[in-house]
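Please read the structure below before turning to the comments.
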Amino acid sequence: MSYQRLTSLRNEADNAVARAEEAEAKIKKLEQEILTKDQDIQSYQHRLANAETNLEKAEEKLNDVKGVRDEHESSKTTNEGLQRKILLLEEELDSAEKNLKETVERCVHTADRTFSPPVSRSSCGASIQAPSDGSEGRALRAPGAYP
């Protein structure tokens, strides 16, 4: 073999070794980047898992708050309905008391004219008893003489 050929082969070998070393360095660098990217991925997966857990907790709290809100709205509606019912019952009570007062006044007035001797004005506040003949009856009270 000739010296040129040998030099040429040596140069080719040196170039091949240089390319191989360069390729190995590049592979090592890429493997390091892959390792870094894998660590980043694990970190992101961990953060994602934490975020999903926090989201689930937040959704549970939201559902609890919605339940409390719905319960509040229901209670509020019930309360409003009961307030209206109370007002109606109070009006009905006022009307019944007025009717009772008028009825008692008529009874007292009628009793004043019916019984002898006439009942004086000073005794209008007293109870008027039903006849004592054993028949059932209730004592009538004058207005303002309610128990």
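The alpha-carbon of residue 98 sits under 19 angstrom from the alpha-carbons of these aspartates and glutamates, leaving out residues fewer than 8 places away in its chain: 90. Here's the list of lysines a cross-link from residue 26 could span, going by alpha-carbon distance under 25 Å and ignoring same-chain residues fewer than 8 apart: 37.
Remark: the residue 102-residue 73 segment gains 6.1 nm on full extension, using 0.36 nm per residue and subtracting the alpha carbon distance. Converting phi to 3J(HN,Hα) with the Karplus coefficients 6.51, -1.76 and 1.60 and the offset θ = phi - 60°, the range 50-63 yields 5, 5, 5, 5, 5, 5, 4, 5, 5, 5, 4, 4, 4, 5 Hz in sequence order, with x at every glycine or proline.
The lysines within cross-link reach of residue 85, meaning a Cα-to-Cα straight distance under 17 Å and a gap of 8 or more places when in the same chain, are 76.
Using a simple charge model, +1 on the beta-carbon of Lys and Arg, -1 on the beta-carbon of Asp and Glu, nothing else, what dipole does the range 3-114 show about its Cα centre, in debye to the nearest 20? The partial results should precede the final answer.
Working: 19 positive and 26 negative charges, 105 e Å.
For this selection, approximately 500 debye.
Segment residue 24..residue 59, full-extension length gain: 7.5 nm, with 0.36 nm per residue of separation and the alpha-carbon distance subtracted.
Ranked by the mean number of other Cβ atoms within 10 Å per residue, highest first, peptides 12-19, 106-113 order as 106-113, 12-19.
The residues packed around residue 79, meaning those with a beta-carbon under 13 Å from its beta-carbon, carry a net charge of 0 if Lys and Arg are +1 and Asp and Glu are -1.
Work out how much length residue 80 to residue 93 would gain on full extension: take 0.36 nm times their residue separation and subtract the Cα-Cα distance, in nm to one decimal. List each step's numbers first, then the result.
Numbers: separation 13, 0.36 × 13 = 4.68 nm, distance 1.96 nm.
So the extension gain works out to 2.7 nm.
Only the coordinates and a few stated rules stand behind these numbers; no lab work does. This is a predicted model, so every value here is computed, not measured. Here the Cβ is made from the backbone with ideal geometry for all residues, glycine too, and neighbour counts use every protein chain on show.
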